[in-house]
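No value in this document is a laboratory result; all are computed from the given coordinates. In this text, all values refer to a predicted model and were calculated from it rather than measured experimentally. Cβ placement follows ideal geometry from the backbone for every residue including glycine, while neighbour counts extend to all protein chains displayed.
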Amino acid sequence: MQRILIVEDEPDLARGLQFNLEARGFGVLLAADGEDGFRKAVQDRPDLVLLDVMLPGRDGYDVCRALRKAAPHLPIVMLTAKGQEEDIVLGLKLGADDYVRKPFGVAELVARIETVLRRAAAASGLPERLEFGRVAIDFVRHEARKDGRPLDLTPKEFEILRYFAARRGTVVSRDALLNEVWGYTSAPNTRTVDTHLVKLRQKVEPTPHAPRHLLTVHGIGYKFVG
Ligand code: CA
């Protein structure tokens, strides 16, 4: 799941954004002031930050400037209430990837977010899409299809497939998968990896007991063949 950190001091707006973004499959983190926003952006490693300009204490420009140093590749979309050209120019100069003027429509905001995420994905080398066998996946939109019909994948399954997609044909160890996909937030073991792979094969493989795409490499881990 792609996670978005919303740094916004107006509770109603923050909650509305959270509701709409979660409805579109994003995970949402909230911060109500600049200090908390900066801390969460660095510690919780979201995929994108929605950063209000007018915040109590440390304002959005200050946070943007600091984040560019602390997390150079973290995508930032500024929310500006003023809508004045100089504010937008300043935000972009400080390293924001895009801006949205308040009041904005949710559709416009989501389109901006997806564009920035696609750009970031392209820059990071992570694939935006993956096609293999009868399966087609759009990682930015979090949509998967099999034989043209919607395929229900969990957020973790999207992450696993994206990790494999970036490493087609190479052997991936269970430990590498654990570190990169599960990270340090939980404490699963390598059996967790195997359990997820079994379920994933049932969803994407034509014959799950004789996989053609998610192959076991005995004693090491897995290899994805597209
Ligand atoms: Ca504000």
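Since only P103, H213, V42 are under comparison, the one whose Cα sits farthest along the positive direction of the charge dipole of the chain, derived from C-beta charges on Lys, Arg, Asp and Glu, is H213. Applying both filters, DSSP loop and at most 16 other Cβ atoms within 10 Å, to the chymotrypsin sites (Phe, Trp or Tyr not before Pro) of segment 128-194 gives Y184.
Of the DSSP beta bridges with both residues in the chain, give the percent that are antiparallel, rounding to the nearest 5. If we restrict to bridges inside the chain, about 50 percent are antiparallel.
Neighbour counts of other C-beta atoms within 10 Å: give me D147, D47 arranged from fewest to most. Don't skip to the end; give the middle numbers.
Numbers: D147 9, D47 19.
With the fewest neighbours first, D147, D47 line up as D147, D47.
What does the charge add up to near R58, with Lys and Arg as +1, Asp and Glu as -1, over the other residues with Cβ less than 15 Å from its Cβ? Result for the local shell: -3.
Filter the cross-link list K40/K93; K40/K223; K146/K199 down to pairs whose alpha-carbon distance in this structure exceeds 26 Å. Listed pairs above 26 Å: K40/K223. Fewest neighbouring Cβ atoms within 10 Å first, the residues K69, K40 line up as K69, K40. Per-residue extension of 0.36 nm, minus the Cα-Cα distance of N20 and Q202, leaves a gain of 62.4 nm for this segment.
In terms of the Cα gyration tensor, with a ≥ b ≥ c the square roots of its eigenvalues, is the chain rounded because a/c is under 1.5, prolate because a/b exceeds b/c, or oblate? Prolate. Modelled label positions at D147 and D175, each set 7 Å beyond Cα in the direction of Cβ, lie 4.1 nm from each other. Put the Cα centre of segment 140-171 next to the Cα centre of segment 195-226 and the gap is 13 Å. Ordering V171, L51, V28 by Cα displacement along the dipole of the chain toward the positive end leaves V171 in first place; charges were set at the Cβ atoms of Lys, Arg (+1) and Asp, Glu (-1).
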